[in-house]
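Data first, discussion second: the structure below is written as structure tokens.
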């Protein structure tokens with residue numbers, strides 16, 4: 001069953017910048033889909049349109065058979081941004097409880113769920129800490145716990161580990177996969193790291209800029225569950241190469257840009 | 001996997017002791033240095049007959065010790081009922097404090113509500129803000145008698161008119177900072193609220209207000225001292241004798257005879273201001289939970 005159906009979506013910002021043209025994408029329940037592409041390809045815009053944070057200029061987004069707006073009102077989305085966006089004046093536990101308060105959960109139910117989520121992201125002993133007392137990686141884990149606390153159907157992540165160092169990033173990648181396996185939610189993950197996209201995803205959506213569009217879809221057939229050893233398998237490298245070539249092909253089609261970006 | 005805790009290193013007890021001792025020393029050292037500068041300037045300028053930037057004599061710059069001594073003498077120009085000057089001044093300070101507290105509470109509440117309302121409607125903000133700014137360019141000394149006369153016809157106690165004048169000075173910083181604070185919520189934090197399908201009131205209560213608190217407290221600190229200035233100035237044209245303003249008027253007339261009394265009054269007024277300020281700082285400590293470096 002498809003959870004997300006994006007049909008003919010375009011987004012033009014005021015001032016005439018075309019962020020997305022004619023994007024079609026279907027996402028199945030339980031998938032882990034990464035959106036990858038150079039900056040300006042509209043991957044974050046697509047995520048925001050999907051979450052009804054901005055409206056598309058044309059086209060429709062359907063989530064669980066509902067409009068994106070309806071889905072947002074029904075609290076079907078958990079969102080994790082690049083910044084953890086934690087509230088300084090709340091403790092870790094109360095940050096995680098925030099969406100539950102909004103949804104009108106009872107105090108007892110909130111406390112139980114917060115405890116569960118703290119265990120899930122392995123921060124149980126930090127419930128009384130304030131965000132500024134945690135490292136960047138820990139803050140981002142709190143942010144993930146908050147996004148998952150109310151069992152959203154769809155987890156939207158906008159470069160959540162982009163500001164973290166490589167070590168922390170790989171560790172959180174593993175942890176995210178573990179959480180994803182346990183929660184059976186569908187994840188849409190924006191990144192500009194090829195290795196991260198291949199390692200995490202069941203499918204990688206390659207996007208290219210000016211105007212932002214989908215240029216390729218790469219199915220990632222690496223076996224589940226993925227482990228640290230996955231990153232060393234030949235198939236992993238093949239897929240990384242495949243995504244990289246798809247990215248450059250997309251860039252080459254971009255007529256206003258010379259083909260020197262072979263980094 | 002083990003969680004890697006990166007906690008702020010706990011202060012060592014010794015280091016903390018050292019720091020608080022340092023702060024205590026500084027607290028004592030600053031007045032001593034100021035005292036030294038005052039007496040030094042006085043001595044040099046009087047002895048050498050220097051006139052730049054301004055000439056001083058016994059009247060313009062009395063000895064600091066004399067100012068303190070005056071506090072414990074009977075005042076020469078006001079009938080204090082046999083009380084020492086300090087008793088008289090503290091009683092006046094209490095009276096002025098009452099006006100200032102009521103004015104501060106009134107002004108801060110009005111300023112806060114105004115800020116909240118203006119933050120909700122941009123159109124209202126465009127229309128009203130210039131007049132709010134204009135209200136503060138009107139000299140308070142010109143408004144004060146009008147307020148006193150007008151409220152006097154309503155049979156309002158004179159001290160309350162003075163409180164209203166203090167409120168007039170108080171509300172402005174609070175209104176502007178509340179407005180600014182409410183609009184300073186992070187874009188992603190707002191998007192997060194949107195994703196929770198939060199209504200306007202919920203966003204105000206759960207996000208915008210807590211974000212605005214440090215701004216509001218910064219304004220309250222300014223207002224706390226401004227309310228005392230407002231109360232003192234309000235007393236001048238209203239003929240109130242019981243407050244610090246009344247004392248300033250009297251001692252100003254006798255300045256040529258005994259300058260120490262006016263200086264002593266200023267000292268007490270300054271102490272009152274510092275007390276008000278500290279109360280707000282204390283309230284901030286209790287209310288605002290924020291990363292230490294983000295405290296205004």
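Computed from the coordinates by the stated procedures, all read-outs in this text should not be read as laboratory data. This one's a predicted model, so the numbers in the text were calculated from it and none came from an experiment. We place every Cβ from the backbone using ideal geometry, glycine too, and count neighbours over all the protein chains shown.
Miscellaneous remarks
- Shielding by other protein chains, A:71-80, mean Cβ within 10 Å: 3
- Ranked by how many other beta carbons lie within 10 Å on average, peptides A:180-189, A:36-45 from highest: A:36-45, A:180-189
- Axis angle, to the nearest 10 degrees, between helix A:234-253 and the longest C-alpha principal axis of chain A: 60 degrees.
- Computed over chain B, the per-residue total of -39500 (n - 2.57) for DSSP H runs of n ≥ 4 gives a 222 nm mean residue ellipticity of -25000 deg cm²/dmol, rounded to 500.
- Legend: mean number of C-beta atoms from other chains within 10 angstrom of residue C-beta atoms, peptide A:86-94, equals 4.
- GNM flexibility winner over chain B from B:220, B:114, B:201 (Cα, springs under 10 Å): B:201
- Helix-only mean residue ellipticity at 222 nm for chain A, each DSSP H run of n ≥ 4 adding -39500 (n - 2.57), per residue, nearest 500: -11500 deg cm²/dmol
- Counted over the protein assembly as shown, the DSSP beta bridges are approximately 55% antiparallel.
- Counting only alpha carbon atoms, the long axis of helix B:259-287 and the longest principal axis of chain B meet at about 20°.
- Overall form of region A:39-109 per C-alpha gyration tensor (a/c, 1.5; a/b vs b/c): oblate
- C-alpha long axis of helix B:140-153 to longest principal axis of chain B, angle in °: 90
- Counting DSSP beta bridges with both ends in chain A, the antiparallel % (nearest 5): 55
- Shape class for chain B: oblate, because the ratio a/c of the largest to smallest gyration tensor axis (alpha-carbon atoms, square roots of eigenvalues) is 1.5 or more and b/c is at least a/b.
- With an a/c value of 1.5 or above and a/b larger than b/c for the gyration tensor axes a ≥ b ≥ c computed over the alpha-carbon atoms, region B:86-188 is described as prolate.
- For chain B, built as a Gaussian network whose Cα springs stay under 10 Å, the top-fluctuating residue of B:133, B:281, B:174: B:133
- Per-q log10 I(q)/I(0), chain A, q = 0.07, 0.13, 0.15 Å⁻¹ (Debye; single scatterer per alpha-carbon; no solvent): -0.25, -0.86, -1.12
- Most mobile listed residue (B:251, B:72, B:171) in chain B, GNM with C-alpha springs under 10 Å: B:72
- Taking all Cα pairs closer than 8 Å and separated by 6 or more residues, the relative contact order of chain A comes to 25 percent.
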